[in-house]
Amino acid sequence: MNTDSDCLFCKISSGVIPADVITESNSAIAFRDIDPKAPTHVLVISREHFSDVDELTASDPNLAGELLTLAASVAKIEGLGTGYRIVTNIGQDAGQSVPHVHFHVLGGRSLAWPPG
Ligand code: 5GP
Ligand code: ZN
């Protein structure tokens, strides 16, 4: 499995940097965002290092499906029965700030659409 010792989310996955973990599996981990934008704001990441969804889907589409499945289970764990949003940013124009693939799970309030 490819990891990057300089990568923030690889460090969270391996436990070098602590996080508030919601649920995890052998291949993925879900933890609370340090700067939440909604009452529930959880990040779902692969344990293996991929920079973004482009790289992940090209290399391991099954793992991409596992991450979405884990994101949906986070919504159930968090009781987001009235709706929630899954977002992933890819690259500079989208404002991706951590270059390790992650899905944001946002909910717990009414979410404006479209985003700014
Ligand atoms: P992006 O902007 O790349 O789509 O999302 C990165 C997210 O990672 C941001 O929402 C940011 O608040 C979150 N984040 C950055 N550093 C940390 C950290 O050390 N721990 C946690 N739990 N979240 C972080
Ligand atoms: Zn990484």
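Before moving on, here are some points about what is shown:
- Close pairs (6 angstrom Cβ cut-off, 6 or more residues apart or separate chains): in contact (Cβ under 8 Å) with a residue 40 or more places away in the chain and near ligand 2 (Cβ under 9 Å from one of its atoms) in segment 1-18, among the β-branched types (Val, Ile, Thr) and open to solvent by less than 50 Å² (accessible area, probe 1.4 Å) anywhere: LEU8/VAL98; PHE9/ILE45; PHE9/VAL98
- Positions within segment 65-89 being of a type in the set (S, T, N, Q) and closer than 15 Å to ILE45 by Cβ, in sequence order: THR69, SER73, THR88, ASN89
- For first residues located in segment 105-116 and open to solvent by 100 Å² or more (accessible area, probe 1.4 Å), partners that are modelled with pLDDT of 95 or more and lie 6+ apart or on another chain with Cβ distances below 8 Å form the pairs ARG109/ALA38; ARG109/PRO39.
- The residues of segment 86-104 that are of a type outside the set (Gly, Ala, Ser) and open to solvent by less than 50 Å² (accessible area, probe 1.4 Å), listed by number, are VAL87, THR88, ASN89, GLN96, VAL98, HIS100, VAL101, HIS102, PHE103, HIS104.
- Checked against (1) closer than 20 Å to PRO18 by Cα; (2) in contact (Cβ under 8 Å) with a residue 24 or more places away in the chain, PRO36 meets all criteria but (2).
- Taken over segment 25-78, the criterion of being of a type in the set (S, T, N, Q) and either open to solvent by 70 Å² or more (accessible area, probe 1.4 Å) or under 16 Å from ASN89 (Cβ atoms) (or both) is satisfied by ASN26, SER46, SER51, THR57, SER59, ASN62, THR69.
- Going through (1) out of contact with any helix residue (DSSP H, G or I) (no Cβ under 9 Å at 6 or more places or on another chain); (2) touching a residue at least 40 places away in the same chain (Cβ under 8 Å) one by one, SER25 falls short only on (1).
- Within segment 28-52, the set of residues being among the aliphatic types (A, V, I, L, M) and in contact with a helix residue (DSSP H, G or I) (Cβ under 7 Å, 6 or more places away or on another chain) comprises ALA28, ILE29, ALA30, VAL42, VAL44, ILE45.
- Restricting segment 1-18 to residues that are within 13 Å of the chain's Cα centre (by Cα) and farther than 15 Å from SER97 by Cα, the residue that is surrounded by the fewest Cβ atoms within 10 Å (Cβ to Cβ) is ILE12.
- Test result for ASP35, more than 21 Å from SER110 (Cβ to Cβ) and acidic (Asp, Glu): no
The values are calculated or read from the model by the stated rules, or taken from the named source; none is laboratory data. Everything quoted here is computed from the prediction, not taken from an experiment. No Cβ is skipped: glycine too gets one built from the backbone with ideal geometry, and neighbour counts run over all protein chains shown. We work out accessible area using only protein heavy atoms, side chains counted, and drop any ligands, DNA or RNA first. Shrake-Rupley method; radii C 1.70, N 1.55, O 1.52, S 1.80 Å.
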